[in-house]
1. Looking at E167, E209, E159, E247, which one is acidic (D, E), in contact with a Ser or Thr (Cβ under 9 Å, 6 or more places away or on another chain) and either surrounded by 15 or more Cβ atoms within 10 Å (Cβ to Cβ) or not in a helix (DSSP H, G or I) (or both)?
2. Go through region 1-17 residue by residue and tally those that are outside any helix (DSSP H, G or I) and either without any contact (Cβ under 8 Å) to a residue 24 or more places away in the chain or not β-branched (V, I, T) (or both).
3. Can you tell me which condition K70 does not meet? The list is (1) crowded, with 18+ Cβ neighbours inside 10 Å; (2) touching a helix residue (DSSP H, G or I) at 6+ places or on another chain (Cβ under 6 Å); (3) outside the structural domain of G181 (by TED's automatic domain parsing); (4) of a type outside the set (S, T, N, Q), and all the others hold.
4. I'd like to check something: does region 8-15 contain any residue that is touching a Ser or Thr at 6+ places or on another chain (Cβ under 9 Å), buried (at least 19 other Cβ atoms within 10 Å of the Cβ) and of a type in the set (A, V, I, L, M)?
5. Since A100 meets every condition but one in (1) out of contact with any Cys (no Cβ under 7 Å at 6 or more places or on another chain); (2) over 25 Å from I145 (Cβ atoms), which condition does it not meet?
6. Output the qualifying pairs, or none if there are none: Cβ atoms under 6 angstrom, residues six or more apart or on different chains, first residue in region 200-217 and over 15 Å from D189 (Cβ atoms) and modelled with pLDDT of 95 or more, second residue assigned to a helix (DSSP H, G or I) and among the β-branched types (V, I, T).
7. Would you be able to say whether some residue in region 181-193 is in contact with a strand residue (DSSP E or B) (Cβ under 6 Å, 6 or more places away or on another chain), outside any helix (DSSP H, G or I), in the same structural domain as C96 (by TED's automatic domain parsing) and crowded, with 23+ Cβ neighbours inside 10 Å?
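The values are calculated or read from the model by the stated rules, or taken from the named source; none is laboratory data. Predicted, not measured: the structure shown is a model, and the values here were computed from it. As a convention, Cβ positions derive from the backbone with ideal geometry for all residues, glycine included, and neighbour counts pool all protein chains shown.
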Amino acid sequence: MVVTERSLGVWKSKAYLVVDRLLYRRSALIVANSEATRRFVVKHSPSAGPIARVVPNGIELLPVETSDVKTARVVRFSMVAGLRPWKNHRLLIDACVVLAAQELPFGVVLVGDGPLRAELERRIRAAGLEHHLELAGWQHDPLPIVRSCHVNLNLSTHESSPNAVLEAMMLGRPSIVTAVGGNPELVEDGVSGLVIPSGDRDALAKAMETLITHRTLALQLGAAARRAAERHSIEHMVEGMSQCLDEAILAASRLPGGHRA
């Protein structure tokens, strides 16, 4: 049996982790979608170390539409994330207060819904940011919004390997991400985006200011992000999973009686 792990377990109870460990013991291989996820698995199930592998997420590579960031009146940021505490929308609002005080031309579109919506609406109104932040709600297909923006944000306190960042990279949009989980595996700081410490309001405000005021840099980072995304094609993922399945079948064939996975 081959199992996959795609989460750092923010939502997992102790009982859930026990079930995971039991499942891992019956597995020929465990396939994680990032090195951060593999480390999480091994931390909670040390015996899984020898059979844990990494196959990064794959994505369909759609055509790139050139960003108009150099000529746009306002630099637009997108953030695709459920409105939940660990996604850190509160930090974003605090950083936007700093940017608004500097009278910088920016806007943010928040894609997603969740239990914090009412609170975030109150915070936005209290900070006078209604003209800067838009709550777009849940979207069946968020890509048109991401494509219409110039920079993507992922500010989570925990991440495995966020598809929202990978999709923005595929579209040629740079991301500002927190240095948690698999984020730094996707985004190389200063090359394909900007990586900031988790929970650092001033670092976030500075990173956003940098891409608002240095438009050519935003384009360069976006182009590099697209090149990096090409290493995450569906074809690469399928090849990696095929290699894992071959390894698992070979391991099973060596068991007593020649049982196969």
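1. Details: E167 fails: in contact with a Ser or Thr (Cβ under 9 Å, 6 or more places away or on another chain); E209 fails: in contact with a Ser or Thr (Cβ under 9 Å, 6 or more places away or on another chain); E247 fails: in contact with a Ser or Thr (Cβ under 9 Å, 6 or more places away or on another chain).
Testing whether each residue is acidic (D, E), in contact with a Ser or Thr (Cβ under 9 Å, 6 or more places away or on another chain) and either surrounded by 15 or more Cβ atoms within 10 Å (Cβ to Cβ) or not in a helix (DSSP H, G or I) (or both) leaves just E159.
2. 9
3. (1)
4. yes
5. Failing condition for A100: (2).
6. Pairs found: A205/V98.
7. Filtering region 181-193 down to residues in contact with a strand residue (DSSP E or B) (Cβ under 6 Å, 6 or more places away or on another chain) leaves 183-184, 187, 189, 193.
Imposing the further condition that a residue be outside any helix (DSSP H, G or I) reduces the set to 187, 189, 193.
Checking which are in the same structural domain as C96 (by TED's automatic domain parsing) leaves us with 187, 189, 193.
From what's left, crowded, with 23+ Cβ neighbours inside 10 Å: 187, 193.
Looking for residues that are in contact with a strand residue (DSSP E or B) (Cβ under 6 Å, 6 or more places away or on another chain), outside any helix (DSSP H, G or I), in the same structural domain as C96 (by TED's automatic domain parsing) and crowded, with 23+ Cβ neighbours inside 10 Å, one finds at least one in region 181-193, hence yes.
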